[in-house]
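Following: one structure in structure tokens, then a few remarks.
The values are calculated or read from the model by the stated rules, or taken from the named source; none is laboratory data. Quantities reported herein were computed from a predicted structural model and do not represent experimental measurements. Here the Cβ is made from the backbone with ideal geometry for all residues, glycine too, and neighbour counts use every protein chain on show. These area figures cover heavy atoms from the full protein model, side chains too; ligands, DNA and RNA do not enter into them. Shrake-Rupley method; radii C 1.70, N 1.55, O 1.52, S 1.80 Å.
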Amino acid sequence: RFEIEVIFDTHVDLDIYTHNGALLKRICNEDLKAGDVRIVEFDASLFPHATFLYKLSTNLSMKSGTIMRIK
């Protein structure tokens, strides 16, 4: 589960990748206004992988990290 809150008007993309960089799913692709909050769900149980990478991009920044599915 991701909670996205923006402080300026921007386009937001949130992508999920396999541990070796293959795109699995884009779970957010929308224009948000300053103050908007979005909660985006990613159901990792649909995929055989246990470790995933995410990339959150806006017009002005990018953040990435690792998430793990716990069984």
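Counting just the residues of the stretch 1-56 that are of a type in the set (Lys, Arg) and in contact (Cβ under 8 Å) with a residue 40 or more places away in the chain, which one comes out farthest from Arg69 (Cα to Cα)?
Of the residues in the stretch 1-56, the ones of a type in the set (Lys, Arg) are 1, 25-26, 33, 38, 55.
Okay, now just the ones that are also in contact (Cβ under 8 Å) with a residue 40 or more places away in the chain, so 1, 55.
On the way: Arg1: 11, Lys55: 17 Å.
Top of the filtered list is Lys55.
Got a sec? Which strands (runs of 3 or more DSSP E) wholly within the stretch 1-69 have at least 2 residues that are open to solvent by 70 Å² or more (accessible area, probe 1.4 Å) and modelled with pLDDT of 95 or more? Don't jump to the end; show me each part of the working.
Working: elements: 2-5, 10-18, 23-32, 37-40, 51-57, 62-68.
Per the criteria, 2-5, 23-32, 37-40, 62-68.
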